[in-house]
Amino acid sequence: MLLLLLLLPFAAALVAACMPGGSRARPAAVAGVATLAALVLAIGQFGAIAAGGVPQMRFAWLPAFGVDILLRMDGLAWVFTVLVLGIGLLVLLYARYYMSKRDPVHRFYAYVMAFMGAMLGVVLSGNLIQLVVFWELTSVTSFLLIGYWQQRNDARRGARMAFTVTTLGGLCLLAGVLLLGHIVGSYELQTVLGAGALIRGHDWYLPVLVLVALGALTKSAQFPFHFWLPHAMAAPTPVSSYLHSATMVKAGVFLLIRLWPALAGTAEWSWVLGTAGVCTLLLGSWFAIFQYDMKGLLAYSTISHLGLITVLISIGTPLSVVAAIFHTMNHAVFKASLFMAVGIVDHETGTRDMRRLRGLRRAMPHTAALAVVASAAMAGVPLMNGFLSKEMFFAETMIVGGNDNWWMSYAAVLMGLFSVVYSLRFISVFFGPLARDLPEQPHEPPRWMRAPIELLVLLCIAVGIMPERVVGHILAVAARSVLGPTVPEYDLAIWHGVNLPLMMSLGALGGGVAVYLLLRERFGLAERDRVPVLHRVKGAQMYESTMLALSQGAARLVRLAGTRRLQPQLLVLMAAFVAVPLLLARPLESWPRLTPGSPDPLLALLWLIGAGCAVAAAWQAKYHRLAALALVGATGLATSVTFLWMSAPDLALTQLMVETVTTVLILLGLRWLPPRRRPAHLAGKPPRNTNLRRARDATVAVAGGLAMAAASYAVLTGPAVPSIRDFFVLRALSEGGGANVVNVLLVDFRGFDTMGEITVLSAVALTVYALLRRFRPAPESIAIPMQQASDVDPAIAQKPAQQARDGYLMIQAVYLRFLLPVMGVIAVYFFMRGHNLPGGGFVAGLIFATTLIVQYMVAGTDWVESRLRLRPHRWIGWGLLCACGTGLGAWLFGYPFLTSHTAHVALPLLGELHVPSAFAFDLGVFLVVVGTTMLILVALAHQSLRSRRVPPGAGRTVSPAAIPPPKEIQ
């Protein structure tokens, strides 16, 4: 159930993303049904959790390192899961009516559901490494949501700011998690939570605390990282409602509560989090008072309330943890309703500017009533849910004040006073005479658009009046999951008599009303456009200045140390080849002595030929690029024969096919190179003497090669060490199910590496295609002057020769097309036998790609696309999906990712067949290799494709691709 709960949002995101645009109902229905199903599953787990159980699901991932995929749901995780799914369901219903038909709504729902899944991953993770992965995924998906209206500059800026800050915090969190795992000896959450005494007594406790706090404070927008949250208001209002109430900003709070048993209880914990929390709650509430954008006011109020929760967590008493969980729940409810109310105002009036809005209760009385009640909950008015948790906050700050630290109690009352002021400012738009100069005529929204707010406001009242009945049991279960069986006694009654926390609450309410009236009447609160006293303190400006300084510094560093020319880069690389072996290898005197041997004369001759071809290629590159390419190919052939000589047929076959494919692709790439010409500012000047530069380059290249050869020789002839060869040879057949050690190594023992390699290969092919699909080679590189000095029309003079050449190519094409099925069968043969004999998916893919390349060379891309109907993108996608599916299939059976299994199937006529599960992984490699090769081929050759398309009835023209390139660029 936990796995299904986690996968449902991601599945809905995939389905919504594949839907056509233009419809709001279908993606909303898919997202809503998936969220509702997940919510039902989560609610169904409460009985077992309340009885003391912790449902878990474990998948082996990296058991040797103690890292498994572990899902667990205790009381705290259940509360946050219900918040994420419950408020998410209401937001999805609200967005159905809020989003415009002109927006790509299917993409919006895909982003929201992916974000929901990432947040559920954070909440349900039972492994800290896994938690960090989902933590960063929330940053990525929130970036997409905040920048949803990508045509707006403020949306792009806000998304980039939020992503930068939260991702840097995520890196700090990763470092802290790694240190925690090193201290405890495990990354499992249950083990870490039970090792609190060990962690707090370790010398690395303070670094761990600071790193984890940085991760949590950046995500929850705490001082001094609070500036990114108001700029995230550029997102659509449903996104703002979701991020600010139950998901993004609550992730940091969740992390602090989750790790409270392991890290809390020290003075460092209280000072680090308490200082950040107090600064945040005061700054956020003060800035909220002077905002004129309704969403901006709510954004700063969110910052302030998150600071309140952080202060509660920092106090360190068990009751403060209970109060933190309670206020987290209450804040999620009233803040989601307030953001939805703002969205209705913006949707129906066309503006959120409080300087223009007034008297809206006359046009939308139901929305006004709902907003007023939700604002009362935010201000902490009695009989509202916010009053109860804020009163608990005042009571806990008094405990700290008992140690002569009354400043926290004063700060709490001041924050409560400010919250009343900005709540009154928020609801002021609903009173007074109705504004007449609004962009749109205000009116009530559709009935179902208002329904989520009604449900949330009803919950605010229910919790405020009957807290013990509504949330008492849920809060107790959540608190027990953090504090253990020794949960302190507390009372959620709405009346505790006349005591100091009550007086603090009433003082904050009365003082807030007085301050609001004073600011409105004496200081023109409604007309202010900047924050008094602190208007120069702008964290966003500091962020932008820092980013600008970093960009300028990077540009300056690139100018000093970088170059766009390939030759200087290769020079630095070869110089490193000279230096690095001398620094890393053993001293020369300890190397084994060179002992004369008797090498095979034929092998020595082969190496001399290869070396000669390499030197000749370097020399010919100056004069004749085509000849240089042929010589480089000869060097590759010599390498292939060397592999075969050394009894490595797999390497030899792979190298041979790679040489064949890359030679054709590079040959096409030569068309993109401009002709060799001297720069304009050197025209007419005598050529410089470049012999010295060439001698330098040759010396560095030879020295680098010799240094690497010496290092290789030192490693190969060093003292005997345990060889990994024996490990793989002995286990290839028994554990990998194959006799071909090389292929078993690639698809089984190191399948994860191969998975990464084919992913990189796919990314490279897509990048090449994206870069070249909108560009063409320079015209001068393919322009060929026609004969000018002739009395005969060149087209007429060349017609017989052209016809003869066309006829010859046609005959050649007909015969070579028969090569396609033959080579296809050969590719299948090498693919099927790869697990036991030389071959495999990579080699088979190269063989089949070579066959397609031959068809292209003879008939052109038009014929290949029209007859074979290749879709390289789909080949790549299906290949990656097949490879990933193999690994996920192992997970479903409880084995580590990409674990291979072997089966023997008996078939009629064919007999017994050996069928390893790595066959599917190898098939993915085959598809990726063919797809990437053909995609790069199409990207490099697409000009030929376009130039050969002649309009019907037009005279025959010689396309640039059909004419041999001029001698100067051959």
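Residue pairs whose Cβ atoms lie under 8 Å apart, separated by 6 or more positions or on different chains, with the first residue in the range 750-773 and on the phi < 0 side of the Ramachandran plot and the second buried (at least 21 other Cβ atoms within 10 Å of the Cβ) and assigned to a loop (DSSP other than H, G, I, E, B), are 751/898; 751/900; 752/898; 755/898. Restricting attention to the range 43-58, the residues being surrounded by fewer than 19 Cβ atoms within 10 Å (Cβ to Cβ) and under 14 Å from residue 3 (Cβ atoms) number 4.
Please verify whether the range 299-319 includes one or more residues that are without any contact (Cβ under 8 Å) to a residue 24 or more places away in the chain and over 28 Å from residue 114 (Cβ atoms).
So far as the range 299-319 goes, no, none of its residues is without any contact (Cβ under 8 Å) to a residue 24 or more places away in the chain and over 28 Å from residue 114 (Cβ atoms).
If you go through the range 89-101 one residue at a time, do you hit one that is closer than 26 Å to residue 335 by Cα, surrounded by fewer than 18 Cβ atoms within 10 Å (Cβ to Cβ) and not β-branched (Val, Ile, Thr)? Yes, that holds for at least one residue. Taken together, 128, 124 contain a single residue that is within 28 Å of residue 333 (Cβ to Cβ) and not assigned by TED's automatic domain parsing to the domain that holds residue 888, which is 124. Tell me yes or no: at least one residue of the range 51-74 is under 16 Å from residue 12 (Cα atoms), touching a residue at least 60 places away in the same chain (Cβ under 8 Å) and in contact with a helix residue (DSSP H, G or I) (Cβ under 6 Å, 6 or more places away or on another chain). No, the range 51-74 has no match at all.
Filter the range 114-142 down to the residues that are closer than 18 Å to residue 336 by Cβ and under 15 Å from the mean Cα position of the chain (by Cα), then identify the one that is surrounded by the fewest Cβ atoms within 10 Å (Cβ to Cβ).
138
Put simply, of 254, 223 the only residue that is over 23 Å from residue 481 (Cα atoms) and more than 20 Å from the chain's Cα centre (by Cα) is 223. Of everything in the range 619-629 that is surrounded by fewer than 16 Cβ atoms within 10 Å (Cβ to Cβ) and under 19 Å from residue 664 (Cα atoms), the residue that is modelled with the highest pLDDT is 627. Taken over the range 233-288, the criterion of being of a type in the set (S, T, N, Q), in contact with a Ser or Thr (Cβ under 9 Å, 6 or more places away or on another chain) and surrounded by 24 or more Cβ atoms within 10 Å (Cβ to Cβ) is satisfied by 241, 245, 247, 280, 285. Applying the selection to the range 178-192, what residues are in a helix (DSSP H, G or I) and within 16 Å of residue 258 (Cα to Cα)? Those that are in a helix (DSSP H, G or I) and within 16 Å of residue 258 (Cα to Cα): 180, 181, 189, 190, 191, 192.
Name the residues in the range 842-887 that are hydroxyl-bearing (Ser, Thr, Tyr), modelled with pLDDT of 80 or more and more than 24 Å from the chain's Cα centre (by Cα), would you?
850, 851
How many of the residues in the range 217-242 are assigned to a helix (DSSP H, G or I), closer than 20 Å to residue 278 by Cβ and touching a Leu at 6+ places or on another chain (Cβ under 9 Å)? Count: 4. The residue list 597, 610 contains one member that is modelled with pLDDT of 80 or more and either farther than 28 Å from residue 633 by Cβ or more than 36 Å from the chain's Cα centre (by Cα) (or both), which is 610. Only one of the listed residues (725, 678, 694) is in a helix (DSSP H, G or I) and either surrounded by 10 or more Cβ atoms within 10 Å (Cβ to Cβ) or at pLDDT 80 or above (or both). That residue is 694.
Since residue 494 meets every condition but one in (1) under 18 Å from residue 391 (Cβ atoms); (2) touching a residue at least 60 places away in the same chain (Cβ under 8 Å); (3) in contact with a helix residue (DSSP H, G or I) (Cβ under 6 Å, 6 or more places away or on another chain); (4) among the hydrophobic types (A, V, I, L, M, F, W, C), which condition does it not meet? Of the numbered conditions (1) under 18 Å from residue 391 (Cβ atoms); (2) touching a residue at least 60 places away in the same chain (Cβ under 8 Å); (3) in contact with a helix residue (DSSP H, G or I) (Cβ under 6 Å, 6 or more places away or on another chain); (4) among the hydrophobic types (A, V, I, L, M, F, W, C), the odd one out for residue 494 is (3). Considering the range 1-17 alone, what residues qualify as being without any contact (Cβ under 8 Å) to a residue 24 or more places away in the chain and over 23 Å from residue 59 (Cα atoms)? Residue satisfying the conditions is 15 alone.
Quick one: would you say residue 395 is touching a residue at least 12 places away in the same chain (Cβ under 8 Å), touching a helix residue (DSSP H, G or I) at 6+ places or on another chain (Cβ under 6 Å) and among the small types (Gly, Ala, Ser)? Judged against the criteria, residue 395 is a match.
Scanning the range 16-30 for residues that are assigned to a helix (DSSP H, G or I) and touching a Pro at 6+ places or on another chain (Cβ under 8 Å) turns up just one, 16. Check whether at least one residue in the range 198-209 is under 21 Å from residue 84 (Cβ atoms) and not in a helix (DSSP H, G or I), and report yes or no. Within the range 198-209, none of the residues are under 21 Å from residue 84 (Cβ atoms) and not in a helix (DSSP H, G or I). Between 376, 435, the distinction of being touching a residue at least 12 places away in the same chain (Cβ under 8 Å), under 23 Å from residue 345 (Cβ atoms), among the small types (Gly, Ala, Ser) and part of a loop (DSSP other than H, G, I, E, B) belongs to 435 only.
The values are calculated or read from the model by the stated rules, or taken from the named source; none is laboratory data. Predicted, not measured: the structure shown is a model, and the values here were computed from it. Backbone-built Cβ (ideal geometry, glycine too); neighbour counts: all protein chains shown.
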